[in-house]
């Protein structure tokens, strides 16, 4: 009787999993009787049978919750939930739980997790805790060596960090995840021609793909890519339009993997969907290999689509692919992006009409450009823009301005029209304020972008009214200096931005304040940071007489200075940058107050001597490796002028020259004596 009852319940569960029988009157009639019998018979089932029933009943419950728009926890649903709770409790109290196969333990845990997701927080109290089930899963997961792909995927799905945080150690959790990922990778290689595993009886929703990938972030990069590929192209063959908002979250799970490895995969995955939403399509541009082709395939660059875009979406397209699409579409995109800024749109329309006229079309617009030929007229146009009500900076204006100043292709506007439009936008923006929407987002990355753009504008003297230094510092620079020391602010680009800001200030006090904070962001704990200090900040320290003791302490124990050891200098530039760093380092050491103290001067001289000696050793090695052939045919790594500047500083410091240095100087002197007299520097002149 027990076996027949169990088989009947299994059949009943399977009938409920058939979409075509949803709402069937005859099946619904049997529901109450089945649930009632289950509640009275839980004690009859073995631990293994309870686990199987748990997985199947959870599936029934989740399906009813998903298909019933007015789902209420009453009647049959409440009965099913009570059965699930009773089965779960029986499993917890069983002595045979740890002897059960991985497959049915995983299925039960997966089912319980899905049921909890369907319940309101107030209803979850009806579900008893299942620590024993999770402990058992942690132990039987070692069976994954003989498991099927579907079981392994479900294991990866339920092995969430939160669920197991208090049950197994972090080391054990990572080990289990990596082992499971490795096993699935091997299965992928073996089953590549089968197009999937037979144990996968249903499609995996994109939300679960995301959860699986989130749970294996600690796994090897190759395993993560292989599992994503398996999920995206082997298992998930059905692409629901309702899932489109989740696509970006799915490809984001591969963040941290080098772009050249993940981009081909994410691009292929994204293009399997028939994207219909412009915002979704634009959010996916960073994940495709050819953004223009992707947009054109979805007809997002048609005239109708461009005209229907929001101003921000149009500006975003300009920012990403603005230099790779046709001129006419670019002009339409700019019109759409400026649609919410009437004065700027009028100015753009006038500039565009003038450019078209200059290209050969006749009309009254031609007179506009003739009047703008003089510089005085351009200044007048800029002042007209400055007299309009200022517009707070937002992402849309930034994108348009970046396109015009950096990416606008030749032919988009003529030179005069482009300059006029940029000046109009620059002087229409309130550079010291953000729009309410932008300010509410508190996006420090955007603050950095805007400040960088403002510095560029100030360098090019595009502002009619120059910004007051104190206001510029208070509104644009000080908020950046208040940011915590994180990846965003410690990048070489950010240090360069602060250097540019210092150069725009006329107050020594404010310049020192920015420099002090720049030194904090830059740090002194890595080779990168020391080289960046010498590249961008050391000369400002000398100019402003700002000499932190920690910087000198680190420089004194630095054995050599070599740009090849940094992450921000290319191989082609390393020789020139190393020469610059070394010269800046010697100048800085000559300027520090400690140079005036005899004992400390000896320490400085020793450190500088080590730098110079190592530099000449590297120089000779580079010369030997530069080319094949006779010595006279080899190209010098360092010019005579550069050599003179370096040796002059080294002599001023009093560096102790070694054989490497003497050999280099002697070779240069002999080579220099053979040059015409007018080409020689002080080192090579005959007495």
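Once you reduce region 416-443 and region 73-126 to the center of their Cα atoms, the two points are 57 Å from each other.
If the chain linking residue 113 and residue 558 were pulled fully straight, counting 0.36 nm for each residue of separation and taking away their Cα-Cα distance, it would gain 154.6 nm. Computed from the C-alpha gyration tensor, the three semi-axes of the ellipsoid equivalent to region 204-300 are 21, 15, 11 Å, from longest to shortest. The rule of thumb for compact globular proteins, 2.2 N^0.38 Å, goes into the C-alpha radius of gyration of region 525-656 1.08 times.
Modelled this way, with points 7 Å down the Cα-to-C-beta line, the labels at residue 430 and residue 596 are 4.9 nm from one another. Taking each residue as 0.36 nm, the span from residue 662 to residue 509 lengthens on full extension beyond its C-alpha to C-alpha distance by 50.6 nm.
Annotation: extensible slack from residue 491 through residue 625 equals 45.0 nm (criterion: 0.36 nm per residue apart, minus Cα-Cα distance). With the cut-off at under 15 Å, measuring from each backbone N in region 508-528 to a point 7 Å along the Cα-to-Cβ line of residue 470 picks out 508-511.
Would you mind computing the Rg to Rh ratio of region 421-574 from its alpha-carbon coordinates, Kirkwood style for Rh?
Values: Rg = 16.8 Å, Rh = 16.8 Å.
Answer for region 421-574: 1.00.
When 603, 447, 506 are arranged by Cβ crowding within 10 Å, least crowded first, meaning fewest neighbours, the order is 506, 603, 447.
Throughout, read-outs are computed from the coordinates displayed, never taken from laboratory work. Since the structure is predicted, the reported quantities are computational estimates derived from the model, not experimental observations. We place every Cβ from the backbone using ideal geometry, glycine too, and count neighbours over all the protein chains shown.
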